[in-house]
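Undergrad: What follows is a single structure, and I will ask about it in a moment.
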Amino acid sequence: MDTRLLRTFATVARTENLTAAAEHLHLVQSTVTAQVQSLEKDLGLRLFDRLPRGVVLTGAGREVLTQAQAVLEAESQLRAVAASAGGAGGQVTGRVVLSAGETLVSARLPGVIAALRRSHPGIEVDLRTTGTATAVAALRTGELDLALLLEDEAAFRDIECTPLAREPLVLVCSPDHPVAHSATGWAELAREDYFLHEQGCSYSDRFIEQLLTAAKGAPPRITRFGSLEAARSCVAAGLGLSLLARANVTDALAAGRLTQVTGPQFPDVTVQLARHRRRRLSPAAAALTAELPHHFPH
C-alpha cells in the first residue's frame, strides 16, 4: 500500500475539508480526492461521509485512522534509521518539515534556515505557518517533524514539548498617538483601540483577558488579524495599539515608525519545541534542533 494515500487520508480526517487538506499537502484538490477514493477502493470501505460543509469520518474510517497513524509512525521511524545509515561523505541530508506561528516565522526562522544551509547544504527545510492546535494535530499524523509553539504551558499526551527560549513582548503605538507621551495604566489602556494577532495567539488572548478585566465601561475595541504586517501597519498609521513580539517590531522601533508604550510590563512568552514522543528524530531534524537555540535570546 502506498503510504502517501494514508498520509492524505490522515490529513483529510484532521481538516475535515478536501480543499484545506490539499493546501496542507501542497496538492490540487482533485489529487486529494483521487487518493482518498483510491484508498477506499483498495480497502473496500467508505472512509468519509460527504457533507455540504466538508467531510467527516465514518465509523470504519475512525478505525482505519488509528491504524494508518501507526503505519505512518513506523514509516517515519524507518526513514530516520535509513537516514542515519546513509549520507554521502558523512554529510547530513534530508527533508525536515517545521511549523511555527507567524511571530517566529517572520522574525526568527529565516536566520535559522540560512545558517543551516551554510552548515548542512544537504538539508531541505519545509517551513509552514500554523497555530498550536493545527501543529499538534499535524505532529500526530506525521505531517510535521517539529513545531515551535508560543505557549507558556504546553502539555499533550503524545507530544513532547521542551522550552527553548523566552520571546520578549512589547506594547507599541505610533509616535503621534496620545498614549506615546505619558505613562499609562490598565484603566487607560482599556479605553484604547487594538490591532492584535489572530485568535489562538496565546499572548494576544492573555492580553485581551487583562484588558477586559480592567475595563469599567464599554469593552475595548479589538481587531484581530491573521497577518502581523496588517497589525503593524494599522498601529503605525495611528489607529491604535498592539502587543507584539519585540523581534517583530525591532526595525520599526529603530526607525521611529513605532514607539513603546510606557505602562504595564508584560512577561516574555515561552517558545516550546514540540515533537512526537514516539518518533525518532532523523539526522536532519536533529541538526535543525541543534541550530535553533542560536537564534533566540538567552
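Please treat every number below as a calculation from the coordinates, not as lab data. Values in this document were obtained by computation on a predicted structure and should not be read as measured data. A quick note on method: Cβ atoms are made from the backbone with ideal geometry, for glycine too, and the neighbour counts reach across all protein chains shown.
Undergrad: I'd like the trypsin sites (Lys or Arg not before Pro) in the stretch 12-54 restricted to DSSP loop residues with at most 15 other Cβ atoms within 10 Å, sorted by number.
TA: Here the trypsin sites (Lys or Arg not before Pro) that fit, given the DSSP loop and packing criteria, are 46, 53.
Undergrad: Moving on to the next point. Could you work out [θ]222 nm for the chain from helices alone, using -39500 (n - 2.57) per DSSP H run of at least four and dividing by all its residues? Round to the nearest 500 deg cm²/dmol.
TA: Calculated at 222 nm, the ellipticity per residue is -14000 deg cm²/dmol.
Undergrad: Convex hull over the Cα atoms of the stretch 156-213, averaged projected area in nm²?
TA: Hull-based average projected area comes out at 6.0 nm².
Undergrad: Which loop trypsin sites (Lys or Arg not before Pro) in the stretch 196-298, with loop taken from DSSP, have no more than 15 other Cβ atoms within 10 angstrom of their Cβ?
TA: 216, 277, 278
Undergrad: Identify, among 74, 226, 196, the residue whose Cα sits farthest towards the positive end of the charge dipole of the chain, taking +1 on the Cβ of Lys and Arg and -1 on the Cβ of Asp and Glu, with the dipole about the Cα centre.
TA: 74
Undergrad: Could I ask something else about it? Rg to Rh for the stretch 182-298: what is it, with Cα atoms only and Rh by Kirkwood?
TA: Reported Rg/Rh (Cα atoms, Kirkwood Rh): 1.06.
Undergrad: Which whole-percent values make up P(r) of the stretch 1-85 when all C-alpha to C-alpha distances are grouped in 5 Å steps starting at zero?
TA: All Cα pairs considered, the percentages come to 3, 15, 25, 24, 17, 8, 4, 2, 1, 0.
Undergrad: In debye, nearest 20: dipole of the chain around its Cα centre with unit charges on the Cβ of K, R (+) and D, E (-)?
TA: Roughly 400 debye, rounded to the nearest 20.
Undergrad: Using all C-alpha to C-alpha distances in the chain, build P(r) with 10 Å bins and read off the rounded percent in each one.
TA: 6, 24, 27, 22, 14, 6, 1
Undergrad: Nearest 20 debye, what's the magnitude of the dipole of the stretch 1-85 about its Cα centre given +1 on Lys and Arg Cβ and -1 on Asp and Glu Cβ?
TA: 120 debye
Undergrad: Still on this structure, I have one more. How big is the dipole moment of the stretch 1-157 about its Cα centre under a simple scheme where the beta carbon of each Lys and Arg is +1, that of each Asp and Glu is -1, and everything else is neutral? Debye, nearest 20, please.
TA: 220 debye
Undergrad: Shifting gears a bit: Compute from the Cα atoms of the stretch 110-196 the Rg and the Dmax, the latter being the longest Cα-Cα distance, and quote both in angstrom.
TA: Both quantities, over Cα of the stretch 110-196: 19.2, 54 Å.
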